[in-house]
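Working notes, structure below.
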Amino acid sequence: MTVSTDQHKEEKKDVTFRVFRFNPQVDSKPYFDDYKIPVERGITVLRSLNYIKEHIDASVSFRAFCQAGICGSCSMRINGLSQLACTTQVWDVLAKCREEGIIKIEPLRNLPLIKDLIVDMDPLVDKMRHYSNWVDSTMAESEMGKKEFLVSEEEFLRYDKATDCILCASCVSECSILRANKDYVSPAVLLKSYRMNVDSRDGIHDLRLAELVKDHGVWDCTHCYRCQESCVKSIPIMDAIHGIREDAIECRGAKDTSGAKHAEAFMEDIEKKGKLVEATLPIRTNGVVWTLQNLLPMAVKMIMKRRTPPPPPLVKSSKGIKVFRAMFREMSEHVKQDQKSHKK
Amino acid sequence: MKRYAYYLSCINESMTKEVDRSIDLWQKDLGIELVKLHESTCCGGSNLDYVSPKHFALVNGRNIALAEKMGLDLIVSCNTCLMTIRTAKKKLDESPELKAEVNELLKQEGLEYRGTSDVRHLLWVLVDDVGLDTIRQKVKVPLKNYRIAPFYGCHILRPSKVLGHDNPLEPSSLDQLIEALGGQTIPYEHKNRCCGFHTLLVAEEESLNVAAEALEEAMASKADFIVTPCPLCHTVLDGYQVKALKQAHIDNSIPVFHLSEMVGLALGYTAKQLGIKRHMVS
């Protein structure tokens, strides 16, 4: 009985919300407004913002709808991390504040700002359109609505988690490469693309994949795992990105793009020497011309610093490479068998 | 003397030889012995896992089995090798079928993956096993005049379900080590961000933008140098620094040290002994 009484005991604190403000129609640059409000334990960041809007400053602008972690519209950066305001407890954020008692609220990154905490989602929608993020049905139009299009449970499990995405764009906001180039496909679109490409009802797998392997596509992901770490639905986004890459190598071959060539080089070197032959990695990834143009000036300095990786003949194989190689090749046979039975 | 099996990372055997050299200098000073696994092979560098998930499990199951045969934990000093080998361990531990398939092949070498050895970063060994108090006592040349920007890198933090040592949002182990060595850590946003290494050869412009942003913030924070526990981050932040800052039109520079070099400096070894002169930015 004591426990339940304790759980229901509501504590109260004065909390400062430091809110990003910018109205491009009147402001020359962004600024922060501090709102100090009394907050009870159990209150979310969104409810606090609603309180501020209702009782202190009606001009604070943000998007919110379902208030239950379903619609994905209230994603914003709360103390630096992109997350949903409606599922984030003020008490949890307070426990990790850099400045005690102050919660910093900012708009998502990597999307154009409209006003205060509202960003323009159109670039994301445009990318979803560009990469055909829908099932392009193989069912004839004349049959639609007349019969069911069944999906096996086994198949559904391959993209079950990906369907949890609510397009809140937290991953988009946290992406390292998108921050470096706004044309990058973005994690949410890669996740959706993966989900469509493994759906047996879809008929444009090859077209979508061809688009995904182009510049600014799947090979530009730098494996920083920030998308996955910030996903409000805990979706393993990197598994989807790796899934597209695995599919690309299987369907389009290992010599298709510089990304595929780069990845395949690891496989080759491990089988041959057990060690990566770094000296030739740029050439094998991008060819001789690119390597000379891009890396020659740096290579000269590296030679002076004795920092260049050894040429292939001088890369010592791992001890016991012969037995290792035999095991590695035997595993290649296992993989071939798997692929055969998979195709059947 | 506490013993560990030490994984040989490809990059530390070629471009960043100073990492293993500097560890060799001071490991006994801190009461640890890292036994080099000359039989270990490349982990696949966060690429093999999707090129061929089964080879990935075999290669890294074997890397861990080599340590298990000696009854020792496997210690790694490259973030990506750490994340990659720990990912394989998780997959093997979660799938009895995969483990059995790998072990059937490993028999040829008299090895077996059992899942008994942990896979840990050298930084974690220093902070958790050697201990900050011991390290404080061993310091000969405290880094007291230095403002140091810790750059953790991604694969010692994320995915946190695989790594799990530091809070990926507010990592602290490297900060604690810096303070134990007498240095002053600089709070800055990029300390848990990305260096851009893994797309250097595929999307160079983007990678260099990522690196330039980190370097710029560290310099703006008035850090004397950056320190990183990952030789791949070092390769970008030091090796590609000139190129990255040129692309970003920034006329400045900042030295970048390996974790192992920073420890070596505080334990009284010289920059020459530690191989710091091999860096591209001095």
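The values are calculated or read from the model by the stated rules, or taken from the named source; none is laboratory data. Note that the structure is a prediction, hence the values are computed from the model and not measured. Cβ atoms come from the backbone with ideal geometry, glycine included; neighbour counts cover every protein chain shown.
State whether the residues of region A:202-212 include one that is in contact with a Cys (Cβ under 7 Å, 6 or more places away or on another chain) and not acidic (Asp, Glu). The answer is yes, given that some residue of region A:202-212 is in contact with a Cys (Cβ under 7 Å, 6 or more places away or on another chain) and not acidic (Asp, Glu). Residue check: A:PRO309 meets all listed conditions (1) over 18 Å from B:GLY239 (Cβ atoms); (2) facing another protein chain (nearest Cβ under 8 Å) but one, namely (1).
Would you point out which residue out of A:GLU155, A:GLU148 is surrounded by fewer than 20 Cβ atoms within 10 Å (Cβ to Cβ), modelled with pLDDT under 95 and either of a type in the set (Val, Ile, Thr) or outside any loop (DSSP other than H, G, I, E, B) (or both)? The conditions single out A:GLU155.
Here is a yes/no grid of residues against (1) in contact with a Phe, Trp or Tyr (Cβ under 7 Å, 6 or more places away or on another chain); (2) modelled with pLDDT under 95; (3) surrounded by 14 or more Cβ atoms within 10 Å (Cβ to Cβ):
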site: A:SER4; (1), (2), (3): no, yes, no
site: A:VAL19; (1), (2), (3): yes, no, yes
site: A:LEU49; (1), (2), (3): yes, no, yes
site: A:ILE52; (1), (2), (3): yes, no, yes
site: A:GLU100; (1), (2), (3): no, yes, no
site: A:ILE103; (1), (2), (3): yes, no, yes
site: A:LEU108; (1), (2), (3): no, no, yes
site: A:PRO112; (1), (2), (3): no, no, no
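Put simply, of A:ALA169, A:ALA140 the only residue that is out of contact with any Cys (no Cβ under 8 Å at 6 or more places or on another chain) and at pLDDT below 95 is A:ALA140.
Selection of region A:275-308 for residues being within 21 Å of B:PRO231 (Cβ to Cβ) and either in contact with a Cys (Cβ under 9 Å, 6 or more places away or on another chain) or among the aliphatic types (A, V, I, L, M) (or both) yields A:LYS275, A:LEU276, A:VAL277, A:GLU278, A:ALA279, A:LEU281, A:LEU295, A:MET298, A:ALA299, A:MET302, A:ILE303, A:MET304. Grab the helices (runs of 4 or more DSSP H) fully contained in region B:22-111, keeping just those with 1 or more residues being more than 10 Å from chain A (Cβ to nearest Cβ). Result: B:53-69, B:79-94, B:96-106. Those strands (runs of 3 or more DSSP E) of region A:19-85 in which 3 or more residues are out of contact with any Leu (no Cβ under 8 Å at 6 or more places or on another chain) occupy A:31-40. Taking residues in region B:48-69 that are not assigned by TED's automatic domain parsing to the domain that holds B:GLU101, and partners anywhere that are at pLDDT below 95, not one pair has Cβ atoms closer than 8 Å while being at least 6 places apart or on different chains. Residues that are at positive phi, within 13 Å of another protein chain (Cβ to nearest Cβ) and not charged (D, E, K, R): does region B:199-222 have at least one? No: zero hits. In region A:86-98, of all residues being in a loop (DSSP other than H, G, I, E, B) and among the charged types (D, E, K, R), the one that is surrounded by the most Cβ atoms within 10 Å (Cβ to Cβ) corresponds to A:LYS96.
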